[in-house]
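Please treat every number below as a calculation from the coordinates, not as lab data. The structure presented is a predicted model; accordingly, all values stated were derived computationally and were not measured. Heads up, the Cβs are rebuilt from the backbone with ideal geometry, glycines too, and the neighbour counts pull from every protein chain shown.
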Amino acid sequence: MDWKGRDVISVRDFSKEDIEFLLKVAERLEKELEEKGSLDYAGGKILATLFFEPSTRTRMSFESAMHRLGGSVIGFSSAATTSVRKGESLADTVRTVEQYSDVIVIRHPMEGAARLAAEMVEVPIINAGDGSNQHPTQTLLDLYTIKRAFGRIDGLKIGLLGDLKYGRTVHSLAEALAFYDVGLYLISPRLLRMPRHIIEELHERGVEIHETTDLEGTIPELDLLYVTRIQRERFPDEEEYLKVKGSYQVNRRTLEKATEKLKIMHPLPRVDEIHPEVDRSGHALYFRQVFSGVPVRMALLGLTLRVL
Amino acid sequence: MDWKGRDVISVRDFSKEDIEFLLKVAERLEKELEEKGSLDYAGGKILATLFFEPSTRTRMSFESAMHRLGGSVIGFSSAATTSVRKGESLADTVRTVEQYSDVIVIRHPMEGAARLAAEMVEVPIINAGDGSNQHPTQTLLDLYTIKRAFGRIDGLKIGLLGDLKYGRTVHSLAEALAFYDVGLYLISPRLLRMPRHIIEELHERGVEIHETTDLEGTIPELDLLYVTRIQRERFPDEEEYLKVKGSYQVNRRTLEKATEKLKIMHPLPRVDEIHPEVDRSGHALYFRQVFSGVPVRMALLGLTLRVL
Amino acid sequence: MDWKGRDVISVRDFSKEDIEFLLKVAERLEKELEEKGSLDYAGGKILATLFFEPSTRTRMSFESAMHRLGGSVIGFSSAATTSVRKGESLADTVRTVEQYSDVIVIRHPMEGAARLAAEMVEVPIINAGDGSNQHPTQTLLDLYTIKRAFGRIDGLKIGLLGDLKYGRTVHSLAEALAFYDVGLYLISPRLLRMPRHIIEELHERGVEIHETTDLEGTIPELDLLYVTRIQRERFPDEEEYLKVKGSYQVNRRTLEKATEKLKIMHPLPRVDEIHPEVDRSGHALYFRQVFSGVPVRMALLGLTLRVL
């Protein structure tokens, strides 16, 4: 595949080879950065970060990645002060920003916004989340985190916990994990089970699937537990929510039967799905996961800018 | 003239020689940037962008220009979070920011704000729009765009379309074009004609002027059509507005009688003055015009910083 | 003392030797910057500025300092668009940002926030103000300004004017000045006198203290007058406030009996405590004081980053 000048819109656009290549480049960059302290691949290049809806974490991760590559950043962090207010179309906004920059990262509340933007401009577009649709760099950094922690993805038993019905992150991750030889444990309340069409697709692609509502009983099986937030508003009544919430908190007690090597990930921000007492245990991988965003985004920026 | 350390407040402060010199420097920088990929004239210098009212497009253009010159940027994009809220005067704000930076770009809702700022500080001040008064870098980039597209300004027949009564952009542009040997076609609804005093000044300076309400009849004469927005609130009743709006949209039909070489410009953002179907025609110059802002602002920053 | 990797949370954590060392480093950096135009000590390093409450002046000063050192900046200027809104804890926010950066500057409305942050992360934390508690870099730049203006701090007669009861700035400054052999003149309305416990501490540390309500009578004694704002809301009735306000404005008349060498400082922003007519007199030191923030913050960033 040719990465050069390519847009990054959806993980579904990537083959397994694309992903493997990207993870290798990210690993190389992480090591180079550690050795040399700073890199200059993107010296003189400009990243524009267009956050039509705020996402401080994702924005700062991309900006850090661009600076670590030696490049510069311009942009905005919310649509409140942009020409959108004057009635400008998204197409015009991105064609304007294209004149000021070499690569554009876009986050937009509207599904399909990133794809539309990519069709309008010649500079590469990287999707940092478009509505409930796609957030491909999150999935790529999740895979990178797993590979770096375990040295491999094949052979792992991975639990996905939380809101598996509406959760964009777990849908994308599950689809990407289907490239590998993994066992997936889908742990959720009945109301928030993974949609049938995704489970069928995973089956067809040869993934071994276990659905369950039982977190504690499943934990001993797992190499990795990927936790996501369960939102109150998904439940018809408060009492039902509180029951579920209580039984899905990951804490010292929940982890009593975990194997020593169990790792826990979370896309963050968390509220109380993972108790802070877990942070200092050897299980916590979620801040390392945050860090992984930087080399993965460095790789994406560097490849699409054609400077690596 | 000595450009070094000079403020850029109003196009009226510039002689024709000043403008020609600036356009030459901008062209040189554009070519150097294309050849070398990145420049380092302003390495170690800091631009402060003080946007007391938001203008994402202008801000990003200046920031891109500063980064393309190798410099850094600090600033704010709206007054909402500044000391102005604590009752600080504009004079104190700019004298404070002067301590942090080497050149200041200011946008302010109050007419005369940029001039006042320039009187208070020793670092150069560049006006990025003060109320309905002046926005000199827009005019300079317009001239640059024309010169780059046609190879000259002299001899061109230029139509100015839209709200010629209140439009700051077209007033400044018309005054600057009076330095050249051009024919101006002022195309507007009767209610929004160019003010008499400007027309008289243009006459005195030897510009050939044609006033008309007829867009379609005028198009065949033109080398360049500069389109601006007509705002609903300028009209006493809705019906009148809709009639005008309809007859002044530039689209494929309007352009049927245009010569092949006709170019169309617009300061953007547009709403529906130019139909998107025009974007892919050879007439559209408005995104190239956006790009022109970068070398022109690089030239302004570099000259006032004395680093070129 | 070992400055490397250290947090900067409170001036109370500093010995006199720590302060003296810092001021020397700041002076060296200021001179180097003047000679060379730009420095590259922090090339490749990233500063994250986390302003949970806005403070444009302080933020821009830190960003300027980081750029002057050759480094890059990421961050946010108000909490409005952060994950805090999604219920994220401060601890999680700083541990996330730690993954993206090499040093963190934090401003937070909650007392103790900076100390808490420092306990959560391994990168250095610099406190840019936590509620009414501490703003150590203001105190350090105040000391630096005095030392640069007078060549020494010992032996000076220093007036502190304004709200000495609630003013965080004057409390910290007075405590830091107690390291030196100074005479302090505390000039305030009776309602806003310096708290007893601070005065007692200053006495114990050997500072010569004069309390007074009389500005004009005290001015002839002073080498330096440090002015702060008196806030209307501190007074039970409006009339009382206006009387006080009038008698504490520093203007040409107030300064008639000042010695020629008297210098006036103010942490800014000011409202009307110092009349603008004073700005152009030789007494005004407050914009030089703003400038001093840059070398002092360069020194703090460079030392904590271990790049000097």
Exercise. What value, in deg cm²/dmol to 500, does the helix sum -39500 (n - 2.57) over DSSP H runs of n ≥ 4 give at 222 nm once divided by the residues of chain A?
Worked result: -12000 deg cm²/dmol
Exercise. Between C:G131 and the same site in the other copies, what are the distances in nm, shortest first, taking label points 7 Å from Cα along the C-beta direction?
Worked result: 4.3, 4.3
Exercise. Once you put a point 7 Å from the Cα of C:D279 and another 7 Å from the Cα of A:S281, both along the Cβ direction, what distance in nm separates them?
Worked result: 6.1
Exercise. Between A:Q231 and B:E111, what is the FRET efficiency for a Förster distance of 51 Å, r being their Cβ-Cβ separation, to the nearest 0.05?
Worked result: 0.55
Exercise. Considering only DSSP beta bridges with both partners in chain A, what is the antiparallel share in %, to the nearest 5?
Worked result: 5
Exercise. In what sequence, highest mean first, do B:138-144, B:242-248 appear when ranked by Cβ atoms within 10 angstrom?
Worked result: B:138-144, B:242-248
Exercise. Which of C:E30, C:E260, C:E238 moves most in a GNM of chain C, Cα contacts under 10 Å?
Worked result: C:E238
Exercise. Say the dipole of chain C comes from +1 at the beta carbon of Lys and Arg and -1 at that of Asp and Glu; which of C:Q289, C:G155, C:A113 then lies farthest toward its positive end?
Worked result: C:Q289
Seminar exercise, completed: For peptide B:34-44, the mean count of other chain Cβ atoms within 10 Å per residue Cβ is 3
Seminar exercise, completed: Kirkwood calc, region B:1-82, C-alpha pairs only, radius in angstrom 14.6
Exercise. Considering only Cα-Cα distances, which of the following residue pairs are longer than 19 Å: B:K147/B:K261; B:K45/C:K24; B:K157/B:K263; C:K45/C:K147; B:K45/C:K36?
Worked result: B:K45/C:K24; C:K45/C:K147
Problem set entry | Cα-based helix-to-principal-axis angle, A:238-247 vs chain A, degrees rounded to 10 | 80
For this session: For chain A, count the residues as N, evaluate 2.2 N^0.38 Å, and divide the Cα radius of gyration by that value, please.
Result: 1.01
Problem set entry | Share antiparallel - DSSP beta bridges, the protein assembly as shown, percent rounded to 5 | 5
Exercise. With Rg and the Kirkwood Rh both taken from Cα atoms, where does Rg over Rh land for region B:24-145?
Worked result: 0.98
Exercise. At what distance in angstrom do the alpha carbon centres of region C:262-278 and region C:169-229 lie from each other?
Worked result: 18
Exercise. Where does helix B:16-36 land angle-wise versus the long Cα axis of chain B, in degrees 0 to 90, nearest 10?
Worked result: 80
Exercise. Got a sec? Charge dipole of the protein assembly as shown, +1 on Cβ for Lys and Arg, -1 for Asp and Glu; which of A:G87, A:A178, B:H275 is way out at the positive end?
Worked result: A:A178
Problem set entry | Most mobile listed residue (B:T218, B:T49, B:T145) in chain B, GNM with C-alpha springs under 10 Å | B:T218
Problem set entry | Size of charge dipole - the protein assembly as shown - debye, nearest 20, with Cβ of Lys, Arg +1 and Asp, Glu -1, no other charges | 480
Problem set entry | Mean Cα-pair separation over length for region B:137-290, i.e. relative contact order, pairs under 8 Å, 6 or more apart, % | 23
Seminar exercise, completed: So the compactness index of the protein assembly as shown, its C-alpha Rg divided by 2.2 N^0.38 Å, takes the value 1.04
Exercise. How many partner chain Cβ atoms sit within 10 Å of a residue's Cβ in peptide C:53-60, on average, as a whole number?
Worked result: 6
Problem set entry | Calculated label separations, B:G112, copies of the chain, 7 Å along the beta-carbon direction, nm | 5.2, 5.2
Exercise. Who wins for biggest fluctuation among C:P189, C:P136, C:P109 in a Gaussian network model of chain C, springs between alpha carbons below 10 Å?
Worked result: C:P109
Seminar exercise, completed: Relative contact order as a percentage, chain A, C-alpha pairs under 8 Å and 6+ apart, gives 21
Seminar exercise, completed: Between the Cα axis of helix B:286-304 and the main Cα principal axis of chain B, the angle (0 to 90°, nearest 10) is 30
Exercise. For region B:137-290, how big is Rg over Rh, using alpha carbon atoms and the Kirkwood form of Rh?
Worked result: 0.93
